[in-house]
Structure formats: structure tokens, C-alpha cells
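The values are calculated or read from the model by the stated rules, or taken from the named source; none is laboratory data. None of these values were measured; they are calculated from a predicted model. Heads up, the Cβs are rebuilt from the backbone with ideal geometry, glycines too, and the neighbour counts pull from every protein chain shown. Side chains included, ligands, DNA and RNA excluded: accessible areas come from the protein's heavy atoms. Shrake-Rupley method; radii C 1.70, N 1.55, O 1.52, S 1.80 Å.
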Amino acid sequence: MTSEQDKSSIINRGESAPARAELDAFLANIMALDATMSREETWDLACQLQAEMFREVATAGGLDMQLVYYRGSLGECKASRWFSQSEPLTKAMSQIKCEAGHTQLEKVLIHARKETKLLPVSALVFVGDAMEENPDTLAHEASELGRLRVPAFMFQEGNNHQVERVFRNIAELTRGAYGRFDSGSARQLAELLKAVAVFATGGMAALAARQDAGAVKLLSQLRRPP
């Protein structure tokens, strides 16, 4: 069980969030990444795809994004400042080195909930390949995030069935969506990330207007009955 001290151990770096007067124009996603050693081979791919995600919504007024990542045996879990352009976010990601350690999904969900109480966060996007925590604890935190109407889009690298069950449950409890990819289906993940960005900026109507496979897949889950 994670202690209260551990739950609040995410470190925010850099500039503060927008002032209250700016919130009406603030469209934001939290991009959370597993930076443990098993993700090392696909980390560069993640950097590239998030840049494409930014470019997808540039004509729609843009989307601010905060990077959250965890790694290491000491439970390091950090959150960046909010980025409004892809270049500085890509640079920040490129400076992160994957390190061996346990998953910290609970911290990510708690951070997303706390951030949402301060800012109108449109969605949480998570990319990872493992889950080593208590599924019931994660379900509780996902339910809390769902009450704030922040959908979690859970993208799994690989085909571990236990990870899939937990990721799917988090997506369902937050009324988000689940997707799976591997190193040979990078285009599939790219489509999914772009679709999430369109949803975050334009909602269901904007997503429904797209015809690509990523949008269709997300819509099929987002339209499920309550």
C-alpha cells in the first residue's frame, strides 16, 4: 500500500499553471509515461508520437500538455510544467533516461485528480507496458478521477493479459478508452494519440468527424452506455 508521503511525492518542475483568468482558453492533457527499463527501446518512438499529437491539433487552437513519468528503484515520479508547443516537450522527454523500477500508476492517477481540481484537464493519456500494483487501489483512484469527468486513455505496449485487464478497467471507470500496440504497430498508436488530441480540443463531435481507424476505435468505447 502506498503511504501518504509517497502519494504526494510527485515533483512539479518549471513554470506554474495558468492564472485563473486564463482558464477558459486552457485546453489540456496530462501525458503520463512509464519510464522504467522495459520501455527503453520504444522511448524515442513515444517522443516522436507525442510531437505528432501536438501537430494534429495546432489548427484547432492548440493543446497544452503536462508530462508525468515514473522510473527508478527509489520511486521517482515527476511532473513537468505545462507545454503549449511540441518542441520543448520533445526536448524534455529526450533528456529522460529509462531506469529499472516498479510501476507507479497510483501516483499518476492521484496527480491527475489533484491537477484537475486546479485546471480544466480534458484527458489523461497513459502509455505503459506493466502493472505491479494493487488493482483494487487503482480502481478506487480511477473512480475518483471518473467523478471529475476526466477520461483516461490507457495505451498498453505488449500483450500481458493482467495489464490489459487493469488498463481496461481504469479506462471504463473514467469513461475513457483502451488501446494496445507494439513496436510493429507504431502507426496505430499514432492514430490513437491524434484522436485523443482531437477529442480533448473538440469533444465527441470533432472526433466523430474523423474517418481514421484510431477515431473509430475510440468512438466505439466512448459511446458505450453508462
Is at least one residue of segment 112-119 open to solvent by 30 Å² or more (accessible area, probe 1.4 Å), in contact (Cβ under 8 Å) with a residue 12 or more places away in the chain and more than 14 Å from the chain's Cα centre (by Cα)? yes
In segment 15-56, which residues are at pLDDT 70 or above and either open to solvent by 40 Å² or more (accessible area, probe 1.4 Å) or more than 25 Å from Gln188 (Cβ to Cβ) (or both)? Met37, Ser38, Glu40, Glu41, Asp44, Gln48
Are there any pairs, at least 6 apart or on different chains, whose C-beta atoms fall under 9 Å, with the first in segment 141-160 and β-branched (Val, Ile, Thr) and the second in a helix (DSSP H, G or I) and open to solvent by 30 Å² or more (accessible area, probe 1.4 Å), and if so, which? Val150/Arg113
Search result, residues across segment 81-117 that are modelled with pLDDT under 90, among the small types (Gly, Ala, Ser) and in a helix (DSSP H, G or I): Ser86, Ala92, Ser94
Test: Ile96 is under 14 Å from Met31 (Cβ atoms) and either hydroxyl-bearing (Ser, Thr, Tyr) or touching a residue at least 12 places away in the same chain (Cβ under 8 Å) (or both): yes
May I ask you to list the residues in segment 161-174 that are over 15 Å from the mean Cα position of the chain (by Cα), closer than 22 Å to Arg187 by Cα and in contact (Cβ under 8 Å) with a residue 24 or more places away in the chain? Val163
If I go through segment 82-96 residue by residue, how many of them are open to solvent by 60 Å² or more (accessible area, probe 1.4 Å) and within 16 Å of Val68 (Cβ to Cβ)? 1
Could you grab me the full set of residues in segment 120-151 that are surrounded by 18 or more Cβ atoms within 10 Å (Cβ to Cβ) and in a helix (DSSP H, G or I)? Leu138, Glu141, Ala142, Leu145, Gly146
Which numbered condition in (1) modelled with pLDDT of 55 or more; (2) of a type in the set (D, E, K, R); (3) assigned to a helix (DSSP H, G or I) is the only one that Lys78 fails? (3)
